[in-house]
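Worksheet: the structure to be examined is printed underneath.
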Amino acid sequence: MADFPTETHRFTSFDGVELAWHEVGKGRPLVLIHGYFSTAFVNWIKYGHAAVLAEAGFRVILPDLRAHGESAKPHDPAAYPPDVLMRDGMALIEHLGLSDYDLGGYSLGARTVVRMLANGAAPRRAALCGMGLSGLLATEGRGGYFRRVLTNLGSFERGSTEWMTEAFLKTTKGDPEALLLILQTFVDTPREKIAAMTQPTVVIAGAEDFDNGSAQEVADLLPDGRFVEIPGNHMSAVSRPELAAAILAFLRD
């Protein structure tokens, strides 16, 4: 596989907060959004997904969400209004002048994609990875879990789910205060809004991933949705080569 250099850029979002995005490859624009606690590098570059897609002829655009990665991590609660990640995503699309592009995300990234679609984003195709229906309809469910982790750091039994989540936070050098504020920005997407999203959409999830409910139910609700199962659970599926392969097969179809 060719070695694709990663370029890092910055822009000012709708409210003046500086955000980063990374690019790999040249060709058709494909915006991929990472998950909560993670970064563009960890989700999309580290395991080779971006390189696979770049080699297939895509300009892979990888934003670092607000409060994550190389983007700003303000501690002012006013910097975290409801749906701020959706607004940042829309601001990036506008900044780059994209009109004919594809859009995807993993976990919180997938939820952000759904929020963008619900608010007028118009990609050719969409990929929702690591996200089930309950994680779209009732966002507070997982938010409560992460709030518990972030407010009790250092207190969890070694090997527990919470301990593993905290360990992942350490590997990504996450900012607990900023990440806690992100939780107040989540917005539920009603079932009827999801059912009105007409873009061809692939819903990809690990066979053991039920952290956000059923991904199959998301695909079933979409007018033009299809479900692809890959190996792994919520934390491991993102590292599998089958993830990039499933995204690529869908975009090429």
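Taking a Cβ cut-off of under 14 Å around Arg240, the surrounding Lys, Arg, Asp and Glu residues balance to a net charge of -3, with basic ones at +1 and acidic ones at -1. Applying 1/(1 + (r/R0)^6) with r as the Cβ-Cβ distance of Arg124 and Glu94 and R0 = 25 angstrom yields a FRET efficiency of 0.90.
Within region 129-166, which residues have the backbone N less than 14 Å from the label spot 7 Å out from Ser239 along Cα→beta-carbon, could you tell me? Within reach of a label on Ser239, which here means backbone N under 14 Å from a point 7 Å along Cα→Cβ, region 129-166 contributes 164-165. The label-point distance for Glu7 and Asp76, in a model that sets each label 7 Å from Cα toward Cβ, rounds to 3.1 nm. Other residues whose C-beta falls under 12 angstrom from the C-beta of Gly48 contribute a net charge of -1, scoring Lys and Arg +1 and Asp and Glu -1. Here Trp44, Trp163, Trp21 are placed in order of increasing Cβ neighbour count within 10 Å, fewest first, which gives Trp163, Trp21, Trp44. Given the choices (1) 59, 53, 35; (2) 89, 63, 58; (3) 47, 38, 37, Cα extents along the principal axes in Å derived from the coordinates of this structure is entry (3).
Note on Lys173: lysines with a C-alpha under 30 Å away, same-chain residues under 8 apart excluded, are Lys26, Lys46, Lys73. Each residue in His22, His75, His95 was given a count of other beta-carbon atoms within 10 angstrom of its own, and listing them fewest first yields His75, His95, His22. Of the residues Tyr145, Tyr36, Tyr80, the one with the fewest other Cβ atoms within 10 Å heads the list, and the complete ranking is Tyr145, Tyr80, Tyr36.
Values quoted throughout were computed directly from the atomic coordinates according to the rules given, and no laboratory measurement underlies them. Computed from a predicted model, the values in this text were never measured in an experiment. Reconstructed Cβ throughout: ideal geometry from the backbone, glycine too, with neighbour counts over all protein chains shown.
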